[in-house]
Amino acid sequence: MIFEEEIICGCIKGDKKAQKALYDKYSAKMLGVCLRYFKNIDEAEDALQEGFIRVFNNIDKFRNEGSFDGWLRRIIVNTALNYYRSNLKHYYSIDYDEIEEVVEDAKLSFDSLNVEFLLNLIQSLPEGYRLIFNLYEIEGYSHKEIGIMLGISINTSKSQLMKAKKYLQHKLITKVK
Amino acid sequence: METGKNMGDIFREVFKDYEKKPSDKIWDNIENAVKPQTVPQINFFKPINLMIGSAAIIAVSILLFFIVSNKQSQTPRAASDKEQLVENKQITPIVKDQSPLLISSKKTNELHKNSITIQNNTVENNVTLEKPVKKQNIHDLIAQVDNNQSVTGDVVKQNALNTKLVSKATNSNTNQKNIEPLQSPVNNTIVSRSLPISTISFSPDQTICKGEKATLSVNGGISFLWSTGEKTQYILVNPLLSTDYSVIVTDETGNRKTGLITVTVADCNAPFIPNAFSPNGDGNSDVFKVYGDAIRNFEIIIISRSGQTVFASKNVNEAWDGTIKGRPAQEGVYVYTIKYINELNKEQVISGHVTLIR
């Protein structure tokens, strides 16, 4: 951990080497986070870039109270959210017939599914579903927090999550078939 | 696969350690965009640095104290003895306020002790003392220590004035009468610190419908500063979006407490969608339509159970009369999906079913 503290201290002083070290240490992991929020790698990399710029410009505000990893992730996720908001109108919305799809029970082993496949699934989710699924299921935010972050009600968050899950299930079944 | 819960766990597990290396150009872009920070900042991450700095200041100050004290005792001026007497009496009360040690002697050893006490207090508040100390005499040193002390309290000005006068008094050999009344503000500093923190509480988080008002309040305290800029104990807010309000409360003793109250705004103005209609021409519920205000970009699609689209519209005021291509539709259940942008600029999708009765 001393290593990490030194890197952070260096970054606070604006040391280029420390910034590069921090980037090398976390960029792959954070791109992994960004990829879940965007349809393709280009958008994810854009958000990653913006996120790291924010991290470096604000790293003096990190007070070592929680884990740096968590702090960094929060900034990256927030950047992704902002990015999403500013591009909101460009995204297509979900087709109606896809919502009404009845989800059947299927016997499916998740063990056989690899990360890339699941990532593609998440990326294929309509924008709003993807956001809430990521925030709730993977990042672990509560519906209340998500409501505040996205400016929606708790119930909207809950129902969107349910729909996202149904959608994923449906996609899983279709792909396996 | 089971529904819901398991799926989230599996995704979480799979993505926990997922990494992907970004392309090289990303770092170049970041490097170019990050503003250079030329001023190195104090490193707060390692308490050891702070301790080393503090120790250095203490050491330098003690050394200075010795040198200055010795110089003064050796001054061949006629009034030097008297001067020192006055001086010690002046120093003593100030020191006494800052530490529980009782010092009345004029011996150098005692002064030495005093100086340590002062410095220990200084360390908490300020680490920039080092340079100015070297050039100044002992009175200014005390003045400075005192000033640094009072940064946290409310008597900065008083203390600054006080210490200046103390220094002057010493230099001009003034008698003690002038000095005594000046010592009371110093005492105040200490008193304000020793009081216990009073209890301040904040009204709980609230959820309101859009358009409603919420009253936020603080219990206790004498002065308030809300994030809205208001300075009252109660504020009335009317947010369109869920908002966090913060408030800084100061109590009688100058202690401050910050509170955060979250007002969650719920979208209560959901449109009314009937669940049945009877297009039989009797004048009651002959058409199916959505009733709602503040709806934008409205879209509706109604689908029959066989999957046929029976009605589609982008106008919230347009109603379905229960016909398909001019022919009366069958009795039964029809599924609709409605999409619109609500007052909060959020897209809403509502699905449900409506029963056609003849």
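The values are calculated or read from the model by the stated rules, or taken from the named source; none is laboratory data. The model shown is predicted, which means the values in this text are computed figures rather than measured ones. Glycine gets a Cβ as well: all are built from the backbone with ideal geometry, and neighbour counts include every protein chain shown. Quick note on the areas: whole protein, heavy atoms, side chains included, nothing else; ligands and nucleic acids left out. Shrake-Rupley method; radii C 1.70, N 1.55, O 1.52, S 1.80 Å.
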Scan segment A:123-138 residue by residue and report those that are surrounded by fewer than 18 Cβ atoms within 10 Å (Cβ to Cβ) and either facing chain B (nearest Cβ under 9 Å) or out of contact with any helix residue (DSSP H, G or I) (no Cβ under 7 Å at 6 or more places or on another chain) (or both).
A:Gln123
Within the group B:Ile261, B:Ile301, which residue is surrounded by 17 or more Cβ atoms within 10 Å (Cβ to Cβ), out of contact with any Gly (no Cβ under 6 Å at 6 or more places or on another chain) and assigned by TED's automatic domain parsing to the domain that holds B:Ile235?
B:Ile261
Spot the failing condition for A:Asp46; the list is (1) under 25 Å from A:Phe117 (Cα atoms); (2) within 7 Å of chain B (Cβ to nearest Cβ); (3) of a type in the set (Asp, Glu), and only one is missed.
(2)
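The rows are residues; the columns are (1) outside any helix (DSSP H, G or I); (2) free of Cβ contacts under 8 Å to residues at least 24 places away in the same chain; (3) open to solvent by 10 Å² or more (accessible area, probe 1.4 Å); (4) among the aromatic types (Phe, Trp, Tyr).
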{"residue": "A:Gly32", "(1), (2), (3), (4)": "no, yes, no, no"}
{"residue": "A:Glu43", "(1), (2), (3), (4)": "no, no, yes, no"}
{"residue": "A:Ala47", "(1), (2), (3), (4)": "no, no, no, no"}
{"residue": "A:Arg63", "(1), (2), (3), (4)": "yes, yes, yes, no"}
{"residue": "A:Gly66", "(1), (2), (3), (4)": "yes, yes, yes, no"}
Given the conditions (1) assigned to a strand (DSSP E or B); (2) within 14 Å of another protein chain (Cβ to nearest Cβ), which single one is not true for B:Arg305?
(1)
